[in-house]
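The values are calculated or read from the model by the stated rules, or taken from the named source; none is laboratory data. Keep in mind that what you see is a predicted model, and the values were worked out from it rather than measured. Counting neighbours? That spans all protein chains shown, and the Cβs are built from the backbone with ideal geometry, glycine included. Side chains are part of the model used for accessible areas, which takes the heavy atoms of the whole protein and leaves out ligands, DNA and RNA. Shrake-Rupley method; radii C 1.70, N 1.55, O 1.52, S 1.80 Å.
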Amino acid sequence: QVYRGADLKYTLDISLEQAANGFDTEIRVPSWENCEVCHGNGAKPGTQPRTCHTCDGAGVVRMQQGFFSVQQNCPTCHGTGKEITDPCTSCDGVGRIRRNKTLQVKIPAGIDDGMRIRSAGNGEPGVNGGPPGDLYVEIHLKQHGIFQRDGDDLHCELTIPFTTAALGGELEVPTLTGRGAITIPEGTQTGKTFRLRGKGIRGVRSSYPGDLYCHVSVETPVRLNEEQKKILRQFETSLQQGGEKHSPNSQSWRDRVKNFFS
Ligand SMILES: [Zn+2]
Ligand SMILES: [Zn+2]
């Protein structure tokens, strides 16, 4: 009975920048060598593996289950067809010894969290000369301090002072490829989103990069001194003289609350 070896999984933590640009890396993975003491047959030197007495060397046994006869892996020899009465002490009768090896892995640009890279033949060895399994390198994307990734798009929060939000202005924003700039129009509110085309990530199977979305959050000033509070109160009075036109959202919200209670 010939069996293919089991697949192995290796989790690789990478940064957003590494995912965006791709990179070459080395990983340490388990590998197996034939045991030098028993030359891979698992029997103590001077002894030989015997034909398994349970399955007569077939590696499988037939079990009666109701009307059906079911074929199963032999429980004694686990499919090898050989029984080792005197196991090799160096490898515990397994016939091989686990070591580690270094593997070169190429991470393609645009790879995303949860994607897997297959490294053929680098899994566990097969049984009775069967082919080895494969190694799967599973990508785990580390959290980024500024950007959140959503497919090919990136999102970031853009906290701006309320004066900039009110007056408008040019603002520097970070992108994965360097500094970018956006123009904040007068009267920008919290929740407003600015899209920077092509400043996202080009996915592994994408022909063009995604976009970067900057989500505005207006910051209310804190720890004002008396002078600043005085100016703000004067400013407030000035706003009230303009009626509801300076704060249309607040006015409509107050109207809705009034209707709710009436
Ligand atoms: Zn051995
Ligand atoms: Zn057996």
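Out of every Cα-Cα pair that the range 145-222 contains, those further apart than 20 angstrom amount to 33 percent.
Cα axis of helix 248-261 to longest principal axis of the chain: angle in degrees, 0 to 90, nearest 10? So the helix axis and the longest Cα principal axis differ by about 80 degrees. The HN-Hα couplings worked out from phi for the range 58-67 by the Karplus form 6.51 cos²θ - 1.76 cosθ + 1.60 (θ = phi - 60°) are 6, x, 10, 10, 9, 10, 8, 10, x, 7 Hz, whole numbers, x standing for Gly and Pro.
Carbon-plus-sulfur fraction of the accessible area of the range 145-222, 1.4 Å probe, in percent? Carbon-and-sulfur percentage of accessible area, whole number: 49.
Rolling a 1.4 Å probe over the protein heavy atoms gives the chain an accessible area of 66 Å² per residue.
For the range 113-140, the residues whose backbone nitrogen is under 20 Å from a point 7 Å from the Cα of ASP92, taken along Cα to Cβ, are 124-128. Listed by chain and number, the lysines placed with their C-alpha closer than 22 angstrom to that of LYS199 are LYS142; residues fewer than eight positions away on the same chain are left out.
Summing Lys and Arg as +1 and Asp and Glu as -1 over all other residues whose Cβ lies under 15 Å from the Cβ of ARG50 gives a net charge of -1. Taking a Cβ cut-off of under 14 Å around LEU171, the surrounding Lys, Arg, Asp and Glu residues balance to a net charge of -3, with basic ones at +1 and acidic ones at -1. For LEU158, the residues 5 or more places off, or on other chains, whose built amide H falls under 5 Å of its own are HIS215, VAL216, SER217.
For the chain, CYS156, CYS214 stand unpaired, since no other cysteine beta carbon lies under 4.7 Å from theirs.
Take the Cα of ARG254, step 7 Å along the line toward its Cβ, and report every residue of the range 222-246 whose backbone nitrogen sits under 18 Å from that point. Residues 233-246 qualify, since their backbone N sits under 18 Å from the label point. The Stokes-Einstein estimate for the chain, based on a Kirkwood radius over Cα pairs and taken at 4 °C with 1.567 mPa s viscosity, is a diffusion coefficient of 51 µm²/s. Of all the options HIS246, HIS215, HIS78, the one that moves most in a Gaussian network model of the chain with Cα springs shorter than 10 angstrom is HIS246.
Using R0 = 22 Å, the C-beta based FRET efficiency linking LEU224 and ALA166 works out to 0.85.
Report summary: the helix-based calculation at 222 nm, which adds -39500 (n - 2.57) for every DSSP H run with n ≥ 4 and divides by the residues of the chain, gives -5000 deg cm²/dmol. So what's the angle, to the nearest 10 degrees on a 0 to 90 scale, between helix 226-241 and the longest Cα principal axis of the chain? With rounding to tens, the tilt is 70 degrees. Couplings for the range 182-199, taken from phi via the Karplus curve 6.51 cos²θ - 1.76 cosθ + 1.60 with θ = phi - 60°, read 10, 9, 8, x, 4, x, 6, 9, 4, x, 5, 10, 10, 10, 9, 4, x, 9 Hz in order; Gly and Pro are left as x. Rounded to the nearest 0.05, what FRET efficiency is calculated for ILE231 and ARG179 with R0 set to 45 Å and r the Cβ-Cβ distance? For R0 = 45 Å, the calculated efficiency reads 0.85.
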